[in-house]
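Structure first, then comments.
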Amino acid sequence: VGDETAPVDIALFVGGSISGRLTAADGVTALAGSAGIFRLDEEFGGSSRTTQSGEFSHQNLPAGRYKITGQAGGMTAEQEITLAANERIEGIVLALGAGHSIRGVVTGLRPESLERVNIGWDNPGGGGPPAPVRVDARGAYEVRGVPPGRVSVWAEVQNSRGLYRTVEMPRDRDLTVNFEF
């Protein structure tokens, strides 16, 4: 490159964007939590925290099929979106709490181990709570807003051991999954 080099025009790729907010099941009450985006064609994605008013925004996205997920307080919601090249989709409302609950009890552990138990779950689409749910002093737990379909549920004693179950979450009722160590 020198004084005689002609200027070069470089087109920048802007990409598309998807933005919206998390709400309670009523679709109005804002909830802070985390929002994830997963590119379905490549099985790639991740989650980030929302603002205090539940707002999220994912920028610079290539065209493709995406699953948007929202999580707060053990509740979840998800939505599939097809994004065209450089398209901006705004105003998505992820109403958390749709779905039912998985409840259960963890047994067979000493009280000091029970204090370190976390319950987690996910489904093949990448849904699940942003952070594990803790059990109470009796070992009871509840995860809310689990969508219907195949779900993996686990109980893990931090830095120790865990138990895993795969279940079919019904569309019309809650489910009980107990773990005995």
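The values are calculated or read from the model by the stated rules, or taken from the named source; none is laboratory data. Keep in mind it's a predicted model, so treat the numbers as computed, not measured. Glycine gets a Cβ as well: all are built from the backbone with ideal geometry, and neighbour counts include every protein chain shown. All accessible areas refer to the heavy atoms of the entire protein, side chains included, with ligands and DNA or RNA removed. Shrake-Rupley method; radii C 1.70, N 1.55, O 1.52, S 1.80 Å.
The residue that is farthest from Asn118 (Cα to Cα), counting only those in the range 147-179 that are among the aromatic types (Phe, Trp, Tyr) and either open to solvent by 30 Å² or more (accessible area, probe 1.4 Å) or part of a loop (DSSP other than H, G, I, E, B) (or both), is Tyr164. Among the residues making up the range 69-85, those that are surrounded by 15 or more Cβ atoms within 10 Å (Cβ to Cβ), more than 14 Å from Gly54 (Cα to Cα) and of a type in the set (A, V, I, L, M, F, W, C) are Ile81, Leu83.
Number of residues in the range 19-47 that are open to solvent by 60 Å² or more (accessible area, probe 1.4 Å) and either among the charged types (D, E, K, R) or out of contact with any Leu (no Cβ under 9 Å at 6 or more places or on another chain) (or both): the value is 9. Tell me yes or no: at least one residue of the range 90-109 is hydroxyl-bearing (Ser, Thr, Tyr), open to solvent by 50 Å² or more (accessible area, probe 1.4 Å) and without any contact (Cβ under 8 Å) to a residue 40 or more places away in the chain. Within the range 90-109, none of the residues are hydroxyl-bearing (Ser, Thr, Tyr), open to solvent by 50 Å² or more (accessible area, probe 1.4 Å) and without any contact (Cβ under 8 Å) to a residue 40 or more places away in the chain. Looking across Ser53, Ser34, Ser57, one residue alone is among the hydroxyl-bearing types (Ser, Thr, Tyr) and under 27 Å from Leu175 (Cα atoms). It is Ser34. Within the range 122-145, the set of residues being modelled with pLDDT of 80 or more and under 11 Å from the mean Cα position of the chain (by Cα) comprises Asp122 only. Here is the figure for the range 133-146: residues that are buried (at least 17 other Cβ atoms within 10 Å of the Cβ), part of a strand (DSSP E or B) and not hydroxyl-bearing (Ser, Thr, Tyr) total 5.
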